[in-house]
Amino acid sequence: MEGKRIRIGGGGGFADDRIDAALELIEKGQLDYLSFDALSENELSQVAMKKLSEPDHPGYDRMLEYRMKQILPAALKNHVKIISNMGSTNPVAAARYLAELSSSLGYTGIKIAAVTGDNVLPYLKECKEEYITVEQQREVKSFGEDLIAANCYVPSYGIYEALEAGAQIICTGRIGDSAVFMGALRYEFGWALDDWDHLALGIMVGHELECAGQLTGGYYSDPPYKDIPNPFKLGFPLAEVYADGDVIFTKVEGSGGMVTEDTCKEQSLYEVHDPANYIHADAVVDLSHVTFEQLGKDRVLMRGIKGKPAPEKLKVALGVKEGYFSTATVWFAGPGARSRAEWARQMLYARFDHLGFHPDALQIFLMGIDGVYGNAPGVPKDLEPWEVGVRVACRSHDKEEVEDIMRETACRMSTNGPAAGTCEHATWFVRDVVAYYHILIPRQIIQTYMEMIIS
């Protein structure tokens, strides 16, 4: 633990994550950077779909304005740099909004960077080469106009460029979740583009922090076996990263939750298929020999990260329109709840067949019986719960068919049996289905760009 030290915090693990914990980090964490991973795999597709129906939609994270109105004043006051992927489908619009917000707060001359280049939809629409999806082995061109989004998990190069140009706030689009952390560390410590061990270390720091409260016990908790203190005020984590490669994970003193060897170990394996080859756009991480050591209360030292050369191909997330989807649930309570629910399930299957409905997908679950495990072996078959929900889920390219199935389930069962069921009536709604696929494309196709906007 020698040399220069950078303190970087995890401000949120998804678009709707808590804001008070991020504010606590800014105000009490003595941070240099706060990074937000707000862009889930389906967020880009959902925003792209929104833009189809609302051409004036700005295209950035739906929570950007709400979150930054609370976060930005504290960040500017405490000189904490903000890096996030909240730019979603339009990082430039996000940067312009933040410039206006900064000016309205009385801060002028603030440099706000937008990093773009992840949108490869025009390329896929025009290129002659055929790409095949990993899921279902489908040709991308077969999607036609139903392909509405294609965003590459780009490396952190644009973040480095923005910081080098003096950016205090950076908005990106679809970048690797860990890259919003690693880009700052690479800039601060001057890591070379082929310094694989250090780049992998930076990615691993981001990997531990990217889901925020998961590292401080939020996802670790499993009462009564694993309890965490004061979860109602769960603190978000931060990392102290040293020039010699040592990393300490901790949190603000007095905040809820905890940082232990076990919380760090669990998070280290989150979404990792091969610990020896955890692939990111900047480098491949080998965490198969990582160690975590408890140095004190809520202070864990991480060592042992190794790196390998960056992959030759990069992952592209595709959003494809695939019809409509809806669910409705009818609840039965009291003695015989399971029997009545099972009767309702069989009656609904027969009813839908009688009416000639043939949706693309239809499933009826008994909530509390087989809603999660289905017919998995080992699930007790003789449960007699006091309440059971009959949940109908269907998907179809025919929107009216989905609506009819929901009406049959949520409304018409109220007088057509069985007895004593609650109905949702008009509370259900039909949603557009945006299916997720992914492909791999040569990394040389990708070029990121940085645009600076000053408040």
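Residue by residue through the range 37-43, which ³J(HN,Hα) values in whole Hz follow from phi under the Karplus form 6.51 cos²θ - 1.76 cosθ + 1.60 (θ = phi - 60°), with glycine and proline marked x?
Result, rounded to whole Hz: 9, 10, 10, 6, 4, 9, 4.
Looking at [x] 21.9, 69; [y] 24.6, 74; [z] 20.8, 63, which value of Rg and Dmax of the Cα atoms in Å comes from a calculation on the structure shown?
[y]
In whole percent, and with a 1.4 Å probe on the protein chains, what portion of the accessible area of the chain is carbon and sulfur?
Values: 10380 of 20590 Å².
Carbon and sulfur: 50 percent of the exposed surface of the chain.
Subtract the Cα-Cα distance of Glu41 and Asp197 from 0.36 nm times their separation in residues, and report this length gain in nm to one decimal.
In short, 53.4 nm is gained.
Testing the spin-label approximation: label points 7 Å from Cα along Cα→Cβ at Arg5 and Lys125. State their distance in nm.
Each label point lies 7 Å from its Cα, and together they span 5.1 nm.
Applying 1/(1 + (r/R0)^6) with R0 = 60 Å to the Cβ-Cβ distance of Gln444 and His354, what FRET efficiency is obtained, to the nearest 0.05?
Numbers: r = 57 Å, r/R0 = 0.95.
With R0 = 60 Å, the Cβ-Cβ based efficiency is 0.55.
Multiply the residue gap between Thr291 and Leu362 by 0.36 nm, knock off their C-alpha separation, and tell me the result in nm, one decimal place. Show your work: numbers first, answer last.
Numbers: separation 71, 0.36 × 71 = 25.56 nm, distance 4.63 nm.
Gain on extension, Thr291 to Leu362, equals 20.9 nm.
Pick out, from Phe292, Gly368, Ala317, the residue whose Cα sits farthest towards the positive end of the charge dipole of the chain, with +1 on the Cβ of Lys and Arg and -1 on the Cβ of Asp and Glu.
Gly368
So what J values fall out for the range 189-198 if you push phi through Karplus, 6.51 cos²θ - 1.76 cosθ + 1.60 with θ = phi - 60°, rounded to Hz, Gly and Pro as x?
Using θ = phi - 60°, the values come out as 9, x, 5, 6, 5, 10, 7, 4, 5, 6 Hz.
Please find the FRET efficiency linking Asp227 to Asp20, where r is the Cβ-Cβ separation and R0 is fixed at 25 Å, and quote it to the nearest 0.05.
0.70
Put +1 on the Cβ of each Lys and Arg and -1 on the Cβ of each Asp and Glu in the chain; which of Pro122, Trp343, Ala95 then has its Cα farthest toward the positive end of the dipole?
Checking the options against the dipole of the chain, the answer is Ala95.
So, how do all the Cα-to-Cα distances of the range 43-143 break down into 5 Å bins, in percent, from 0 on up?
Histogram of Cα-Cα distances, whole percents per bin: 2, 11, 18, 19, 15, 12, 9, 6, 5, 4, 1.
What does the charge count around Leu101 come to, taking other residues whose C-beta lies under 12 Å from its C-beta (Lys +1, Arg +1, Asp -1, Glu -1)?
So the environment of Leu101 carries a net charge of +1.
Relative contact order, percent, of the chain when contacts are C-alpha pairs under 8 Å separated by at least 6 residues?
Working: 1024 pairs, mean separation 85.3, N = 455.
Relative contact order for the chain comes out at 19 percent.
In Å², and per residue, what accessible area does the chain have when probed at 1.4 Å with the other protein chains present?
Counting only protein heavy atoms, the per-residue value for the chain is 45 Å².
Long-range amide H contacts for Gly307: which residues qualify at under 5 Å (H placed 1.01 Å from N, peptide plane, sequence gap of 5 or more or a different chain)?
Correct list: Asp197, Asp286.
Residue separation times 0.36 nm, minus the C-alpha to C-alpha distance between Val272 and Lys141: what's the value?
44.1 nm
Size of the range 1-100 along its principal axes in angstrom, Cα-based, largest extent first?
Between the extreme Cα coordinates on each principal axis of the range 1-100 lie 52, 28, 23 Å.
The values are calculated or read from the model by the stated rules, or taken from the named source; none is laboratory data. None of the values given here were measured: they were computed from a predicted structure. Positions of Cβ are backbone-derived with ideal geometry, glycine not excepted, and every protein chain shown enters the neighbour counts. In case anyone asks, the SASA skips ligands and DNA or RNA and just uses the protein heavy atoms, side chains included. Shrake-Rupley method; radii C 1.70, N 1.55, O 1.52, S 1.80 Å.
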